[in-house]
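Structure first, commentary second.
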Amino acid sequence: MNCLEFRRICLSDPYTSAADFAAHRLECHECTRFVDSVTAFDKKLLDAMQVPVPEDLATRVKLRQVIGEEHARRVRPWQWALAASIFVSVALGGFLGLQVYSTNLYIAQLQASVIDHVNNEPDFISVQGKVPSDKFARVMAAFGAEVVNKDIESLIAHAYVCVMDKRPIAHIFAGNGGQVTVLYVTGKRIGAETPFKDDSHQGVLIPAGGGNLVVIAPKGEQIEPLVTKLKQSIRWSI
Amino acid sequence: MFNGKKFTVDPVSVGMGRSKREKFELLLEGLMDDLYRYAYWVCRDRVQAEELVQETYLRAWKAIGSLRDADSAKSWLFTICRREYARQFERKRLQMQDVEDIGELPGAKVAFDTSTEAFVLRRALATLSDDYRDPLVLQVLGGFSCEEIAGVLGISSSAVMTRLFRARKQMRELLTDDESDSRCVTEVRA
């Protein structure tokens with residue numbers, strides 16, 4: 001390193017610990033005096049830079065930090081209200097969503113159970129004749145229903161209580177030749193009348209009393225007249 | 001480094017294992033004076049420097065979790081200060097104040113050098129452009145290396161060295177002019 005290079009570095013970084021800088025400093029007295037003058041100048045400059053620091057500045061910094069923290073922590077009433085309303089909305093939305101999901105799942109399960117039940121009791125499909133005069137009323141009474149119009153009995157071929165999915169149900173054969181099956185299933189009441197069908201059946205779920213009335217028939221069978229008559233003739237007390 | 005303040009904050013003590021509050025207290029106790037002086041020389045306004053320091057510490061408090069290396073605590077804090085100043089400057093287009101307005105503060109921590117020599121040096125320093133004054137203040141007052149200054153200012157080390165060279169050269173020229181002016185005044189009076 002020559003003197004020019006040394007002095008250039010000295011004006012940039014007189015505190016460098018570079019080996020060639022230190023070596024030149026040791027061997028060149030002029031450059032040693034130069035670097036000493038630069039550091040002495042810096043010392044004077046440092047002294048001149050020592051502007052007074054306000055005594056209470058640290059306290060103000062702390063105070064501002066604490067206030068900032070408290071402000072961040074403090075939640076205003078309207079923010080609480082907003083947070084609460086958002087929470088309620090989300091919770092309600094979630095609840096309703098869950099309800100809808102749960103109801104849809106129940107309907108699907110009920111339809112599957114009913115179709116399965118009908119398919120597994122073929123012996124009664126071809127029931128002929130008419131139900132004994134009070135049999136239909138007694139079966140329905142067992143499920144909290146009252147037959148208020150006896151005319152419907154002319155459409156009923158057979159009525160009895162059986163079990164589906166470990167639950168007692170009212171099983172009624174109606175329509176022409178007992179082609180239409182009416183089940184009354186206790187349990188979760190659905191929200192609205194819901195038609196359904198599969199490859200060979202059609203039907204409708206009707207919320208009634210403490211459960212649902214299910215009318216199911218082979219595809220192509222008219223069920224609407226029976227559904228209307230059932231609604232008019234049975235009163236639910238549950 | 002002659003100012004002996006490079007590691008005013010014990011690197012070990014600011015390290016991991018301490019609570020956020022303890023780290024903050026150490027940064028405040030160890031570095032606030034230097035930070036205030038740096039802030040002053042950046043903006044050359046006492047009131048704004050105080051505001052700058054308070055805002056810097058507020059931001060430091062929020063981001064203290066990101067401070068992993070105790071050795072870099074000082075440059076970390078100065079970088080926050082420099083950025084905050086740039087943000088405020090952009091926002092307010094601040095009016096600079098002449099350096100001659102610095103005076104004794106009631107209840108100030110240290111005595112203020114009121115000598116003519118100090119006055120002349122401060123005036124010369126204030127005359128430098130921001131580009132030259134900034135690295136010089138960081139080196140002389142902050143005790144930072146060229147690499148650290150580069151980090152604070154967001155420029156290359158070679159650019160820092162060039163600016164420091166020109167800053168010292170300009171200071172020398174300004175002070176030589178001052179000495180000539182003083183001699184002229186003395187000669188005229190004589």
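The values are calculated or read from the model by the stated rules, or taken from the named source; none is laboratory data. Since we're looking at a predicted model, the values are computed, not measured. Glycine also receives a Cβ, built like all others from the backbone with ideal geometry; neighbour counts cover every protein chain displayed. Surface areas here come from the heavy atoms of the whole protein model, side chains and all, with no ligands, DNA or RNA. Shrake-Rupley method; radii C 1.70, N 1.55, O 1.52, S 1.80 Å.
Table for the structure above
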| quantity | calculated |
| --- | --- |
| Residues of segment A:124-136 classified as under 46 Å from the mean Cα position of the chain (by Cα) and either over 21 Å from A:ILE223 (Cα atoms) or modelled with pLDDT of 85 or more (or both), total | 0 |
| Filter result (closer than 21 Å to A:GLY203 by Cβ and not small (Gly, Ala, Ser)) within segment A:73-114 | A:THR103, A:ASN104, A:LEU105, A:TYR106, A:ILE107, A:GLN109, A:LEU110, A:GLN111, A:VAL114 |
| Strands (runs of 3 or more DSSP E) lying entirely in segment A:131-207 (those with 3 or more residues that are open to solvent by less than 60 Å² (accessible area, probe 1.4 Å)) | A:156-164, A:167-174, A:180-186 |
| Residues within segment A:17-48 that are more than 25 Å from B:PHE144 (Cα to Cα) and surrounded by 12 or more Cβ atoms within 10 Å (Cβ to Cβ), tallied | 1 |
| Segment A:208-230, residues that are within 36 Å of the chain's Cα centre (by Cα) and either open to solvent by 70 Å² or more (accessible area, probe 1.4 Å) or over 16 Å from A:GLY175 (Cβ atoms) (or both) | A:ALA208, A:GLY209, A:GLY210, A:GLY211, A:ASN212 |
| Filter result for the condition that a residue is outside the structural domain of B:ILE155 (by TED's automatic domain parsing), of a type in the set (D, E, K, R) and part of a loop (DSSP other than H, G, I, E, B), over B:ARG21, B:ARG68, B:ARG59, B:ARG37 | B:ARG68 |
| Meets criteria (modelled with pLDDT of 85 or more, in a helix (DSSP H, G or I) and under 15 Å from the mean Cα position of the chain (by Cα)) for B:ALA126 | yes |
| Check on A:LEU11, at pLDDT 90 or above, surrounded by 11 or more Cβ atoms within 10 Å (Cβ to Cβ) and among the aliphatic types (A, V, I, L, M) | yes |
| Test: A:LEU45 is at pLDDT 85 or above, assigned to a helix (DSSP H, G or I) and within 27 Å of the chain's Cα centre (by Cα) | no |
| Scope segment A:3-61; condition among the hydroxyl-bearing types (Ser, Thr, Tyr) and farther than 26 Å from B:TYR57 by Cβ; matching residues | A:SER12, A:TYR15, A:THR16, A:SER17, A:THR32, A:SER37, A:THR39 |
| Single unsatisfied condition, A:VAL51 versus (1) open to solvent by less than 80 Å² (accessible area, probe 1.4 Å); (2) part of a loop (DSSP other than H, G, I, E, B); (3) more than 7 Å from chain B (Cβ to nearest Cβ) | (3) |
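Residues checked against (1) open to solvent by 10 Å² or more (accessible area, probe 1.4 Å); (2) basic (Lys, Arg); (3) in a loop (DSSP other than H, G, I, E, B):
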{"residue": "B:VAL120", "(1), (2), (3)": "yes, no, no"}
{"residue": "B:LEU138", "(1), (2), (3)": "no, no, no"}
{"residue": "B:PHE144", "(1), (2), (3)": "no, no, yes"}
{"residue": "B:ALA159", "(1), (2), (3)": "yes, no, no"}
{"residue": "B:LEU164", "(1), (2), (3)": "no, no, no"}
